[in-house]
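Input: a single structure, listed below in structure tokens.
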Amino acid sequence: MVRTVSRAFFHLLAGNQTLKALASRYGMRGGTGFARRFIAGESVPEAIDAARTLQASGLSVTLDYLGEAVGTPAEAEGATRAYLGVIDAIAAGGIERNVSLKLTQLGLTIDRATSVDNLRRILDAAAAKQFFVRVDMEDSPYTAVTLDIFETMWQQDYRNVGVVLQSYLRRSEADASRMNALGARVRLVKGAYQEPKEIAYQSKPEVDASFVRIMERLLSEGHYPAIATHDPAIIAATRAFAAERGITAGAYEFQMLYGIRRDLQAALTRDGFRVRVYVPFGREWFPYFMRRLGERPANIGFVIRSVLSEARE
Ligand SMILES: Cc1cc2nc3c(=O)[nH]c(=O)nc-3n(C[C@H](O)[C@H](O)[C@H](O)COP(=O)(O)OP(=O)(O)OC[C@H]3O[C@@H](n4cnc5c(N)ncnc54)[C@H](O)[C@@H]3O)c2cc1C
């Protein structure tokens, strides 16, 4: 209940333009802005530096140039070009070739065709340079169309692309079976948006139980799945299931978000597991940042302390 209310509250705030303008001015300021805990920077070189540091400590990375729900074809074109530039910069920077993106950033809110054309341009550029592209999953108005676009790309023989399923959605178990049958790579997450009870589990025990059921299905029938969570109980359940079935650590990976449970990221790496860190960057960081606050309201204490200490300087 508290979790649902807190999410709803932060989703409401995420749409507030005044707050966004204020946060954008101060959040990434200097080396100590309060958003830097979760956002690697506003520029590509900053993100590449952050990725290099993570890789030096044995972690893998996926870079996400933040942006979503663009309102005009020109903005979708801008985001697409930016991604093409990010691909070139990553290749030149010599870091791991793996990016994540959102279809509404490429124009899905405007129309399907625009986003498909833009995605295809990115997948072509990515394939030419041996990149893997993960299509993030957004809120439920986009679930079916995102999976549909993914499957269309798959039928057109794109193989350098993967998809995301959210365990809070009641439909995801069936989607997991469909994706396994295709041979597609799935990232499993709990889900970061506010969804109605008709289509989504609301309580943590239900969301977690669904996660474990889908995790087992992905590990036993899937194709190099990514178990994306910071939840120690679910990570332990994943390790136990894999050990019991003789599934080796090379057959799947864990994923976590930049700046969250770095202790756990390091511990799993030490234990011989691959951990990929999702490295978000760019100027459009506010909605992503608000989702992280909504997941764990204790993070607000951290933001307030940062702002106060800056104010004293
Ligand atoms: C690599 C990656 C990619 C993702 N991609 C998507 C996507 O495409 N679509 C989507 O809807 N969601 C995505 N998410 C977000 C996901 O849906 C969850 O909202 C988020 O991961 C928090 O859930 P959790 O599994 O960590 O479990 P929770 O039960 O929320 O948290 C478990 C523990 O993790 C820690 N923790 C979790 N969140 C935070 C936080 N914000 N700050 C500090 N500590 C925290 C706390 O210790 C908490 O007790 C992604 C997550 C990851 C890790």
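Things worth noting here:
- Extension gain for residue 244 to residue 81 (0.36 nm times residue separation, less C-alpha to C-alpha distance): 54.1 nm.
- Among 222, 299, 40 the positive-end extreme of the charge dipole of the chain (Cβ point charges): 299
- Computed about its Cα centre, the charge dipole of region 46-134 is approximately 260 debye, with only Lys, Arg, Asp and Glu carrying charge at their Cβ.
- Amide H within-cut-off set for residue 60, under 5 Å, with H built and near neighbours excluded: 275, 276, 277
- Check: the chain dipole with +1 on Lys, Arg Cβ and -1 on Asp, Glu Cβ, in debye: 720
- The fraction of Cα-Cα pairs per 5 angstrom bin, counted from 0 for region 206-313, comes to 2, 10, 18, 19, 17, 13, 9, 6, 3, 2, 1, 0 percent, rounded to whole percents.
- Once the Cα gyration tensor of region 163-239 is diagonalised, semi-axes √(5λ) in Å: 19, 15, 10
- Partners for residue 204 among lysines (Cα-Cα distance below 26 Å; same-chain residues under 8 apart left out): 102, 190
- Exposed-site-free run, longest, the chain (rule: trypsin sites (Lys or Arg not before Pro); DSSP loop; at most 14 other C-beta within 10 Å): 30-128
- Under 13 Å from residue 129, Cα to Cα: aspartates and glutamates that are on another chain or at least 8 residues apart: 88, 96
- Space enclosed by the convex hull of the alpha-carbon atoms of region 114-163, per residue, Å³: 64
- Long-range HN-HN contacts of residue 187 with modeled amide H, under 5 Å: 163, 164, 165, 226
- Gyration tensor over alpha-carbon atoms, region 156-203, equivalent ellipsoid semi-axes in Å: 24, 11, 8
- Efficiency of FRET from Cβ geometry, residue 19 and residue 296, R₀ 22 Å, rounded to 0.05: 0.75
- The fewest-to-most ranking of 220, 60 by surrounding Cβ atoms within 10 Å reads 220, 60.
- Dividing the C-alpha radius of gyration of the chain by 2.2 N^0.38 Å, with N its residue count, gives 0.96.
- Neighbourhood net charge (13 Å Cβ-Cβ; Lys/Arg +1, Asp/Glu -1) for residue 236: -3
- The label-point distance for residue 270 and residue 202, in a model that sets each label 7 Å from Cα toward Cβ, rounds to 4.1 nm.
- Close amide H partners of residue 98, meaning residues 5 or more places away or on another chain with modelled amide H under 5 Å apart, are 63, 132.
Laboratory data are not the source of any read-out in this text; all were calculated from the coordinates shown. In this text the structure is predicted, and so the values were computed from the model without any measurement. Methodologically, a virtual Cβ is constructed for each residue, glycine included, from the backbone with ideal geometry; neighbour enumeration extends over all protein chains shown.
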